[in-house]
1. Take E:ALA7, project a point 7 Å from its Cα along the Cβ direction, then tell me which residues of segment E:146-177 have their backbone nitrogen under 19 Å from it.
2. If a paramagnetic tag sat 7 Å from the Cα of A:GLU224 along the Cα-Cβ line, which residues of segment D:197-211 would have the backbone N under 18 Å from that point?
3. In whole Hz, with x marking every Gly and Pro, tabulate ³J(HN,Hα) for segment C:117-134 from phi via Karplus 6.51 cos²θ - 1.76 cosθ + 1.60, θ = phi - 60°.
4. Where does each of C:84-97, D:178-191 land if you order them by average Cβ count within 10 Å, highest first?
5. Measuring from label point to label point, each 7 Å out along Cα→Cβ, what is the B:PHE294 to B:ARG275 span in nm?
6. What percentages make up the Cα-Cα pair-distance distribution of the protein assembly as shown when the bins are 10 Å wide from 0?
7. Evaluate the relative contact order of segment A:20-75 (contact order divided by residue number), counting alpha-carbon pairs under 8 angstrom at least 6 apart; express in whole percent.
8. Give me the inter-chain shielding for E:263-270: mean count of other chain Cβ atoms within 10 Å, whole number please.
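The values are calculated or read from the model by the stated rules, or taken from the named source; none is laboratory data. Just so it is clear, the structure is predicted and the values come from calculations on it, not from any experiment. So basically every Cβ, Gly included, is an ideal-geometry build from the backbone, and we count neighbours across all protein chains shown. These accessible areas exclude ligands, DNA and RNA; they are computed on the full protein's heavy atoms, side chains included. Shrake-Rupley method; radii C 1.70, N 1.55, O 1.52, S 1.80 Å.
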Amino acid sequence: MLEVADIDTYYGLSHILFGVSLRVERGEVVCLLGRNGAGKTTTMRSIMGLTPPRRGTIRFKGKPTAGVEPYLLARQGIAYVPDNRRIFAELTVGENLEIAARDANQKGEWNQARVFELFPVLKEKRSRKGGHLSGGEQKMLAIGRALMTNPDFILLDEPMEGLAPLLVRAIEDQILQLKAAGLTVLLAEQNINSALRVSNRGYVIDDGHIRYTASVKELWENQEVRNKYLLV
Amino acid sequence: MFNKFVEPRWLLLTLALLAALLFLPLVAPLFYIYIISVIFVTALLAMSLNLVLGYGGIYQFHHAVFYGVGAYTAALLITQLSLPAWISFPAGPLVAALTGLLIGAFCVRLTKLYFGMLQIALGSLIWIIVYRWYDVTGGDNGIHDIPLPEFLTSIHGAYYFVLIIAAVCVALMYLIIKSPFGATLQAIRDNPQRCEAIGINVQHHQLIAIVIAAFFGGVAGVMFVTVERSVFPGLLFWVLSLEIFVMCLLGGWFTFAGPILGAAIVVALRTVASRYTDYWTTVLGIMLILLIFFLPEGVMGWARERFKPRASAADKRGRELDAAR
Amino acid sequence: MRGKFFILLTALLLTAVLIACGGGAAPTSAPPTSAPAATAVSATTVAQPAARPIKVGIVDTYSGPPAAFGNDALNGFKLALNEINKEGVLGSQIEFVTRDDKYQPDTALSMAKELILQENVDVVVGTVNSAAALAISSFAKEQKVPYIVWIAKSEAITGAKGHRYVFSTSENTAMAGKAGAEALAKKPYINYWIAGEDYEYGHAIANSAWNNLTALNPNVKKAGETWWKTGEPDLTPYLTAIMAAKPDAIIFATGGAGMTNVLKTAKATGLSDKIPMWIHTAIDTSVLKPLGANGPEGVMGTMDYLFYYPETPENQAFVKAYQDAYGAPPGFPAFHAYNTAHFIAEAFKKAGTLDKEKFIDALAGLKIDSPTGEIEMRACDHQVAENMFMGVTKKDPRFEFLIAGDVVDVSSQAVMPSCEDVLKQRGQ
Amino acid sequence: MLRVENVGKAFDDFMAVNGARLTVERGALVAVIGPNGAGKTTLFNLITGLYKPDRGKIIFEDKEIGGLAPYEICRRGIARAFQIANIFPRLSVFENVQVAVLARQRKSHNLFQPAQNLARDETDAILDNTGLFPQARRVAGALSHGDQRILEIAIALGSEPRLLILDEPTAGMSPEETAKTMNLVQQLARARGITILFCEHDMDIVFSFAQSIMVMRHGETILQGTPDEVRQNHQVQEAYLGGADA
Amino acid sequence: MDPSAVASLLLVGLARAMILFIVAAGLTFVLGVLRVPNIAHGSLYMIGAFTAFTIAEVLGKNPAGFWIALVVAPLVVAAVGLIIERGLLSHLYQREHLMLILFTFGIMLILNDMVKFVWGADYRSVTPPEILDGSFTLGDFAIPRYSIFLLILGPLVALGLWLLSNKTRLGKISRAAAVDREMVGVLGINVSWVFAAAFVIGCLLAGLGGALVAPTTSISLGMDHTIIIECFLIVTIGGLGNTWGALIGALLFGVSQSLGLLFLPQYAIVFPYAIVVIVLLLRPRGLLRSVW
């Protein structure tokens, strides 16, 4: 589905990613673990074409994405849920979802009703302004909005960040539901436990380098990696 | 010892240019002497704007107000109160600076575009007053035939006077830019939040910068009176303000001499182009658009990019940061 | 790179499209307002003159709101030169150089300086803009070059600010105001409202009319004043407010594009049906023509030139020549410019030399035959003395727009300030 | 030296900081840690005056500073280096630091004295200390990312602070740069007697440098203590592991 | 004071405010979505007026001429806007504000000369259709029918704009794009075309304003200078990018002028400016919340 090969990405003059490579196969949930500032968000932005890498290649469904505008990538089936949510605060929940809908009457699998099924809280607040939702609700809205584009592949950037335990659990369930629905997910997280609960495989990124890659089981067990790159 | 105050080759070049300008009237036809005086006045005006625009990063959208206020003050004191030039002339810039203080005090609370919009509103009010107050300002007719001291009435006399004053002002502005205040102002341009964090009262500095710019704008206004011996409400009109803006852009607003060059190019082009076409503003418009697309740093900025690529890379970074904010 | 190519391409396309739709869009009534050729142009080429050509520098407005006047004047001037250069003046030709002042006095001054200092013209003429005229006038005085104002109507030009080197071939605000006052004094109105565009011309004409009117009829009272800024797009609120005050009559002091506005709004609000009004130049064709048949009838106006009056052979010949050359009847600027050209030619002939001082001496007091009769350049103040016409707007089957009906002549003696008054104003 | 008492700050509905407490002793290196969005940067913004606290007290050297303008707080002796390089890109490295020194010396209103002769020694000393001296003439915007971050600290030093606040001083740096930067920070603290308050994600750094660590979560202070105390605290583990097990 | 005089003056002032609103709404719409203060907006308004004249002229006596002009003139202006946006402006969105402002200034300079080139320098005038010509009487006062027409049309345009931005997908997307362009792009929406649409809508409104003002005034070169400054002031006091702000600003502007006329006719033109200054001194960011 997605193949990232040896990319280097800069913000202006600062070099953020150093030869990052990763693969995500169809139907997988892959997590990208790392501390703040490790390069998770930049990796996501590079894949989405928002901060194109200076070197290296990214292939989505076998086609290189270099020079393709983000909106076209979105139409090819990538969706991005940014870590800071970026809900359109002045628009209502319903409107947030509505503008994301690609061709409302297309056969698309996702529509408002289905998003509300996944996130019942949103249904109650559909006419509230996005800016007036709580942090957790905004997270859900951001995911729901991404789903409205009918993606095959979804980039989730720290969906559990700053959420209360119950909500984290809810989001975990929802990710699993997405997986069940056949979506491919690349999940960036620092919350290892949650991330590993929903993922098939994982990468550990630190200081812009992929340091480690392994199955969930190995990551659970490898205390050293967890201590070194992921805090405690 | 890095960054010498004035690099010797630039000092030499400046002195040579000054000498050439001093001797120019001996050979040049009268009209060219006049046009060059106009360039001095316009260049001084553009530089005074650039002090806040290029060095201060302040969106001074209605700088012409200070130009006009300076010119009108001098003209009115001479014609209405019959005060001698040595009182009226310095009064121009002082009143302009005072106007700058008033307008600035309201505007510095705001940033960027809002600053500019409020300034246009307040400036237009002053324009309306000048335009309407017939008994005093002569309304749209302006004031003509302003009596000046004998030595200023000839084109040569005005030329030398304007040359000297402009040179002194440019030197003063150079000093200011190189002073702690100037350095602080540039720091504010680059990063106002950071300046607050290192103990600089940003609004206060910006206000002072506006007052200084208004002062020099006022000097340019008085120079206009010297050269043309007339004043018009058009000196305070917003379109002129934007034209000065274009001059700064054209010459390069992150360079010291850029606005001089910009003013010279615009005045010269206007004089030449209007001989051949009525559509001179189209020429200006197309030039402006080409400039925005291909030379966003202006002529001087472009030259610097060619010869000092590192500095321009930093400018580029600065632009990125500006855009990010 | 592709992007930049695209940019340039579109810029060109945009230009082309605009020009193309312009070419197709407005052929109906537009007179050929061709851009005046900018470099020196000799109007005709008859017999190479032995002496150097006489060079006239024109500074006028060819862009901005009053560009129509500038173009009209230039056409009138060219027409006259065609006639003059057939015979030549002092064995030479009259050439001209033009500059566009964009209706900005500082530009005008700069252009005049170029013409005088660089082009070494013998005479400077021009300007719609009074401020520009005054500015150029003061520079002309300094440089001792004769300057003839042909459209700007400020009375200050030959009045308070007049001097040896400035002339005017246009009627001025003092004359216009007095002409209006003469007419209004005969009417029974007591309460007057004064309204106009807030610029020098408006105020000057209102003052002149009012001062003369109070002198002629001490009973009149000023009920109030309203001023709007030049270029005000919609005058309805102003006129409605005036109607609310119910004056007996209104003196409107406005010109140019503002005139059309006033008449249009007066009609729309019904003001013109209710309250009598006088406006200088209300009967001017350039004002009435854009309104077509929809102009308000019964508006009193004064004017120094109408192409359909007087119906003398001289005027008809002038109108025909102009119409043939430029496709529309001449307006007052063309008339002034036409006269100016003849004044220049005659004055040089009379002076017998190209000397500027002699030219001035010759021009002062010179009389020529204009299309509307003999006119004189009054010696004392260098202001042209010409008859004015007073009329009331009305429909006429011959034209698609309103014209002046019941036209009466007002003699120049009646409307011109006396020489003593002028000299007193000048502080001499 | 610095005491933050029960400070709160809300943006619209969102409580960014909600009852934060912090004590910084003179001469100490104090770290603030916590997951993303815990309110660390907001807390720093409150201390340095970029935001006004909704409630609570911020006391520096026995005086309340909550709600003062940033420049006033700086003049009282608190300087800050930012999370992203927050320098003056068009000025030279020398000028970047000099501006701060001039501001501290209250010379920034000086109009006609050439700046290049002022505050020279101090500026040079700071550049020397931070290892930027060889690059003093370069335009700051052209420095490498790591050097820009160090310049960031150098600018803060120009204010001659008694308390220096560093917001993730090593984010985005290579391991070598990280080590260099932290050594520099420690050395500056010693040599200049500056108290340092910093936040950091790299726990190796936090636990090897800080003498006191404050842990935040959801805008609240969970605890403040020595590295050992923090390491052994269960709440901290939860905070970082996501707390879903709790 | 005669109450019917006050009423008629207020009505007329409101009618004038409607035209100001329509033009300012276009300006503020572009400002809100693209964040570009379009200095050329006044020129587009002028082109709208001249185009309306040409159409009315070509159709001659046809009574529908005015109505056709009212529809076609805005479309012509919108087409000009589209060419400018696609050809030039769309390449500049990454640049600083200042460049965009100066760019629109350059466009203004060129368009103004273009108008002179295409239509010449003569004054032009458009006759309103029979049904809108003349006036109603209110007590002693006449209220031009055209003013009533404007009073009806203005709220309709406001309603249309409200529907556009709240009920259509494009409107919702524009509101979102005003805040976060990048995120809108990530949702698979071609933001570039959204901007084009917003710019064109702005131009459409400028053109409509021009066509609407045509029958009430003489159409001349330079008619752009006044309107653009007034619109800038209106938009500023309303809150940049806020359509309702533009409405409030326009009403303040129009009505303060009317009331000024009632009480101090000689100084009426100062009133709107004084209002602007007072508003900005009290609320420097405008009366309503700016979108940015």
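1. E:146-152
2. Backbone N within reach: D:204.
3. The phi angles translate into 7, 9, 8, 6, 6, 7, 9, 9, 9, x, 6, 7, 7, 5, 4, 5, 4, 5 Hz.
4. Output ranking for C:84-97, D:178-191: C:84-97, D:178-191.
5. Rounded to a tenth, the inter-label distance reads 2.4 nm.
6. 1, 8, 14, 18, 18, 14, 10, 8, 5, 2, 1, 0
7. 22
8. 6
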